[in-house]
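Notes to accompany the following structure.
The values are calculated or read from the model by the stated rules, or taken from the named source; none is laboratory data. Computed from a predicted structure; not experimentally measured. Here the Cβ positions follow ideal geometry from the backbone for every residue, glycine too, while neighbour counts run over all protein chains shown. The accessibility values were calculated without ligands, DNA or RNA, using every heavy atom of the protein model including side chains. Shrake-Rupley method; radii C 1.70, N 1.55, O 1.52, S 1.80 Å.
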Amino acid sequence: MDASAYFRGKKITVMGLGLLGRGVGDAEYLAECGAELVVTDLKSKEQLAESVARLERFPNITFVLGEHRLEDFRDRDLILKAAGVPLDSPYVAEAKEHGIPVRMSADLFMEYAGIPAIGVTGTRGKSTVTHMIAAILEEAGKKALLGGNVRGVSTLALLEEATPEHVATLELDSWQCQGLGEANLSPQIAVFTTFLQDHLNYYKSDPGQYLADKANIFLYQSPDDTLVMGKQCAATLIEAFGEHIVAHAVVADESKLPSDWTLRIPGIHNRYDAALALSAARAFGIDDATSKKALESFRGVPGRLELLGEEDGVRIYNDNNSTTPEATLAALDALGAENTILIMGGADKGLDMNALLARLPGVKKVVLLAGTGTERIKSELPETAVVFDSLEEAVSAARSAAERGDIILFSPAFASFGMFKNEYDRNDRFVALARPRS
């Protein structure tokens, strides 16, 4: 099906423009297809100035900013919602009451692209596994399209590039998996990396709903499809959804990666991720020699235990995307704690911090960013821990405390809300401040 022709003339409400580039790209693509768009966001025009500037050239876009209006969710052909729209949104309810489909960009892409899709979800590891799979596909000479929860990439706009020779590799967060459920779709190869507590602020402390959303990545597979489960979450998935798993199921962890394969990126968790990527590649018919070459040369994903370089004998790592305590613990396990100056802290997501708190006394120094999460754990922190109201002060304090042979690790364990526009703003500001000067 010609997707652009399908969207031409359709009345579509884009719910959530955002600042990350994905929503803007989706709206831009639909406008170029000739759809009649209402773009609505609770943020103001001033807050969204950069995003709005990209779209103001289109006469077929009407902006409704600083609010949502119920009338924009009636008499429409489609509602395209962004990640994070509340489960109990009255606007989504209004659309559904009027029989209007509510979709997301990833599932729309999967429906209209008509190409094989490899989807990856999980609380931790999904970005790394997705990029590892894309690297293997590239090494194998395949035409890969990388999308989903990828910074600045409009998955919907990838429809312009998709040909029958392409394969889609999609990183899917719980909200995009929620969209798969709305569309009754799952990728032909699904990878479920890990399942841990997260996003409890969104799911109102109901991890069962969080799991149910993510499970859509495999619930609509056929017996010819493949489900790769990380060992950490396999028992949970089988207990909750075993009777609904019809695809060929594979369980993998770091023990499934050949022991003589040497990765550039440190940590057992990265070997675990590589084993999942290897299993997905095998399901796609790629030989192990190709996977080995790709995985051994893989340099990692920005913001995920990313080595920025070395300054005066101090290595500096950017692990900005660690927004859970388990992710920060994995970073400490990979690098060692006793010579690490850890910069962490931020906005609370209601997660259990006890395991991380128990580990902090073994860290050389803890430097904290102010935020609701930091405030919640402040009384349980080591006496030497210091809280700062700016990233600049925190980085300066970490540098002052570091000696030759030490590591500065930025691994927040909390969300970015409050001090930063979003996690990408936090990432970019840290990289600009902390990249080695020598």
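Here are some notes:
- Lone unmet requirement of (1) out of contact with any Phe, Trp or Tyr (no Cβ under 9 Å at 6 or more places or on another chain); (2) open to solvent by less than 20 Å² (accessible area, probe 1.4 Å); (3) free of Cβ contacts under 8 Å to residues at least 40 places away in the same chain for Leu356: (3)
- Any hit, segment 256-276, residues being in contact with a helix residue (DSSP H, G or I) (Cβ under 8 Å, 6 or more places away or on another chain), polar (S, T, N, Q) and assigned to a loop (DSSP other than H, G, I, E, B): yes
- Among residues of segment 175-203, those that are in contact with a helix residue (DSSP H, G or I) (Cβ under 6 Å, 6 or more places away or on another chain) and free of Cβ contacts under 8 Å to residues at least 60 places away in the same chain, counted: 2
- If you check His199, His98 for being surrounded by fewer than 24 Cβ atoms within 10 Å (Cβ to Cβ), closer than 29 Å to Val38 by Cα and at pLDDT 95 or above, only one passes: His98.
- Any hit, segment 381-388, residues being more than 21 Å from Leu329 (Cβ to Cβ), surrounded by fewer than 18 Cβ atoms within 10 Å (Cβ to Cβ) and at pLDDT 95 or above: no
- Scope segment 148-174; condition open to solvent by less than 10 Å² (accessible area, probe 1.4 Å), without any contact (Cβ under 8 Å) to a residue 60 or more places away in the chain and either of a type in the set (D, E, K, R) or within 17 Å of Asn216 (Cβ to Cβ) (or both); matching residues: Gly148, Ala168, Glu171, Ser174
- Positions within segment 24-66 being part of a loop (DSSP other than H, G, I, E, B), on the phi < 0 side of the Ramachandran plot and open to solvent by 10 Å² or more (accessible area, probe 1.4 Å), in sequence order: Leu42, Lys43, Ser44, Lys45, Glu46, Gln47, Glu56, Arg57, Phe58, Pro59, Asn60
- Long-range neighbours under 9 Å by Cβ, at least six apart or interchain, first residue of a type in the set (Ser, Thr, Tyr) within segment 376-387, second open to solvent by less than 100 Å² (accessible area, probe 1.4 Å): Thr384/Lys365; Thr384/Val366
- Residue within segment 288-305 that is under 21 Å from Cys233 (Cα atoms) and open to solvent by less than 10 Å² (accessible area, probe 1.4 Å) present: no
- Within segment 1-23, the only residue that satisfies the criterion of being charged (D, E, K, R), farther than 26 Å from Ala49 by Cα and modelled with pLDDT under 95 is Asp2.
- Residue identified as touching a Phe, Trp or Tyr at 6+ places or on another chain (Cβ under 8 Å) and open to solvent by 10 Å² or more (accessible area, probe 1.4 Å) among Gly362, Gly405, Gly371: Gly371
- When residues of segment 380-438 are limited to those that are assigned to a helix (DSSP H, G or I) and of a type in the set (Asp, Glu), the one nearest to the chain's Cα centre (by Cα): Glu423
- Index of the failed condition, Phe7 passing every other in (1) in contact with a His (Cβ under 9 Å, 6 or more places away or on another chain); (2) farther than 24 Å from Asn422 by Cβ: (1)
- Test: residue in segment 320-328 that is over 19 Å from the mean Cα position of the chain (by Cα) and in contact (Cβ under 8 Å) with a residue 60 or more places away in the chain: no
- Residues of segment 202-223 satisfying the condition of being at pLDDT below 95 and either assigned to a loop (DSSP other than H, G, I, E, B) or touching a Pro at 6+ places or on another chain (Cβ under 6 Å) (or both): Tyr202, Tyr203, Lys204, Ser205, Asp206
- Thr323 vs. criteria within 16 Å of Gly267 (Cβ to Cβ) and hydroxyl-bearing (Ser, Thr, Tyr): no
- Residue within segment 315-335 that is closer than 25 Å to Arg435 by Cβ and of a type in the set (Asp, Glu) present: yes
- Candidates in segment 257-271 are the residues that are surrounded by fewer than 17 Cβ atoms within 10 Å (Cβ to Cβ) and free of Cβ contacts under 8 Å to residues at least 24 places away in the same chain; of these, the one that is nearest to Ala234 (Cα to Cα) is Ser259.
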